[in-house]
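Throughout, read-outs are computed from the coordinates displayed, never taken from laboratory work. Values in this document were obtained by computation on a predicted structure and should not be read as measured data. FYI the Cβ positions are ideal-geometry reconstructions off the backbone, even for glycines, and counts take in every protein chain you see.
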Amino acid sequence: MQQRGYQSPTYRTPPPPPPRGKGGAVRLLPWLLIVVAVALLAWFGIKALRDRQVADEVAPYEHVFADNISIDGINLAGMTAQQAYDTLYQQHQSRVNSWTLNLTYRGHTYTTVNYPTLGITVNTEQLNQQLREAWDLTHTGDAYQKKAAIERLRETPFSASTTRSEISDIRLDQLLQEIARDIGGQSTPTDAKLIQFVADNPDPFIIQREIPGYALNVQQAKEQILAQASQGISGDYELTPEVIMPSVTEAMLRENMVLRSTAQTAISSRSEENRNMNIRVSLGKINNMILKPGEVFSFNKTAGRRTHENGYFDALEQVSGTLVTGIGGGVCQSSTTIFQAALLANLTIVDRSAHGEPVGYTDPGLDATVYYYGGRQIDFKFKNSTSHDLYIAARVKAGGSSRQLITEIRIYGEPLGEGVQYKLSAIQRQVLPPPTDIRYVDDKDALHVIYKDEEELKQAAKEGQVVETYLQKFINGQQVEEKMVAKSTYPARQEQRWRGVKTRPAQ
């Protein structure tokens, strides 16, 4: 009986290994090739699959911008290059055109300025450059590089901004300079000036009023316009030129056209018409006269020779105390009135003579005689001793009654002073007794007496006098000064009698 229990394993002798050599390697090569081929096929399959997956991932961004790309705050994701350019350009253009300012002056719009005026425009070159840079981020290299770029953008988005153009004031300065020349050319200051002195008008001074000028402060206007541009404040900008006042204004002229004095003398109601006409003629030649500073007024030069050709008439006049008929009789009342007006205007008297005896139309010491006929003349002169022109108004005007006439002289010029007024005072200082002897005048024409033993009073004896004329200065009604301005001597007159020249026949 066979015994069961642990039995040792039976070992078979393995077959001997095949002999090494060329035949064995040949048998292994096909297997190796198969393995390599399978591996290559697997690798290429996996790569192709991976390539397709990567290509599919980047394909949506092939013709558009990837996500997380922005320029000037605009997200370009999903935009084509043209769409991105148009969008950015429109935004820039809108910004450029977002500000306009009308430069106006007195209702007129000179021009409209905007950002392009200040040199701010769409910088297309810079815009294209930044778009190319952003585009190339995900459109450069193979699909893997593009995918890597897209993935990087998720962590680090791309953001860029175009730089704004610097504001330039060159063109604005040119525009404002042109406007300034136009405003200045249209409104150059014009001084006020006297057009005409018409003494008989209620306002005797016809004055062309001053016209202010205007000058645009270019620098100030430019700064204000640039400030509005920087703040984007559109609308109208009213140009406000600086006012240039003329050197001479109407008010300045009128300061030296005030009434300095008025003098009047009454014409006697018994004055003949020719005499009255002579007064009118002489005053008419004086009326509206303008006397320059330092210039001397001459009555004879202004009124002219007393001739018929100069418009004068025959009338009674006083010659050496006697009334005679002469051409221009009565003009002494004109010279007397202007003498008084010149004194009251505190002007310098250059030449003045008193009559041979007092006249009826003014007080002794206040008269001024004149004569200008043939080669003989007696003149009255005064000087414009002020710093400005004097204006003389002279006329005959109606008095209190319909038959009364008044000779009036008005002198205008610089003011006498605040509250200043002048008055005249004539004081008799001496009485001159007449001679006691009688002067006989032969009546050759036998108009009064015929025979030598006949007499008739021609002129009674008359006392003479010496009169001093004083100019009194008042300020606000108080006399502050008095000075003598003239001394007049009216000679005494001896008695004159007519005496005949024929011998009485014997009886």
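At-a-glance table
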quantity	calculated
Debye intensity ratio I(q)/I(0), log10, segment 462-507, q values 0.27, 0.30 Å⁻¹ (C-alpha model)	-0.96, -1.03
Spin-label model distance (nm) - ARG209 vs THR124, 7 Å beyond Cα toward Cβ	5.7 nm
Computed magnitude of the charge dipole of segment 312-423 (debye, nearest 20; Cβ of K, R +1, Cβ of D, E -1)	140 debye
Cα-only Debye scattering, segment 431-507: base-10 log of I(q)/I(0) at q = 0.19, 0.23, 0.27 Å⁻¹	-0.83, -0.96, -1.09
Where only C-alpha atoms are counted, convex hull volume of segment 170-253 per residue in Å³	112 Å³
Calculated from backbone phi, Karplus (6.51, -1.76, 1.60) coupling profile of segment 385-392 in Hz, x at Gly/Pro	8, 9, 9, 9, 4, 10, 10, 10
Helix 170-186 axis, angle to the chain major axis (alpha carbon atoms, nearest 10°)	20 degrees
Those chymotrypsin sites (Phe, Trp or Tyr not before Pro) in segment 192-291 that DSSP places in a loop and that have at most 14 other beta carbons within 10 Å	none
Positive-end residue of ILE206, LEU172, HIS108, charge dipole of segment 108-235 with Cβ unit charges	LEU172
Residue order, fewest to most surrounding Cβ atoms within 10 angstrom, among ILE170, ILE392	ILE170, ILE392
Computed over the chain, Kirkwood Rh from alpha-carbon pairs, angstrom	35.6 Å
Distance between modelled label sites at HIS63 and LEU28, nm, 7 Å Cα→Cβ extension	5.7 nm
Under-5 Å amide H pairs with ALA199, H placed in peptide plane, nonlocal only	ASN288
Point-charge dipole on Cβ atoms (K/R +1, D/E -1) for segment 372-507, about Cα centre, debye to 20	220 debye
Segment 205-357 - Debye-derived log10 I(q)/I(0), Cα point model, q = 0.09, 0.11, 0.19 Å⁻¹	-0.51, -0.62, -1.20
15 Å beta-carbon shell around ILE207, net charge (K/R +1, D/E -1)	-3
5 angstrom amide H check on LEU405, placed H, neighbours 5+ away	ILE267, GLY399
For LYS502, net neighbour charge (Lys/Arg +1, Asp/Glu -1) across residues whose Cβ lies under 11 Å away	0
Whole-Å distance, taken between Cα centres, linking segment 44-119 and segment 250-319	93 Å
Farthest positive-ward along segment 419-507 dipole, Cα basis, beta-carbon charges - from PRO505, THR436, GLY464	GLY464
Per-residue HN-Hα couplings for segment 87-100 [Karplus 6.51, -1.76, 1.60; θ = phi - 60°; Hz; x = Gly/Pro]	5, 5, 4, 4, 5, 5, 5, 4, 5, 5, 8, 7, 9, 9
R0 of 56 Å, Cβ-Cβ distance LYS452-ASP191: FRET efficiency to nearest 0.05	0.10
Kirkwood Rh in Å, taken over segment 72-218 so that all alpha-carbon pairs contribute	21.1 Å
Dimensionless Rg/Rh of segment 53-123 - Kirkwood Rh, Rg from C-alpha atoms	1.31
Over segment 105-145: Kirkwood hydrodynamic radius from C-alpha pairwise inverse distances, Å	14.1 Å
Cross-link reach list, lysines versus LYS444, counting only Cα pairs under 29 Å and skipping chain neighbours closer than eight places	LYS452, LYS458, LYS462, LYS502
Cα-centred dipole magnitude for the chain, charges only on beta-carbon of K, R (+1) and D, E (-1), debye, nearest 20	1320 debye
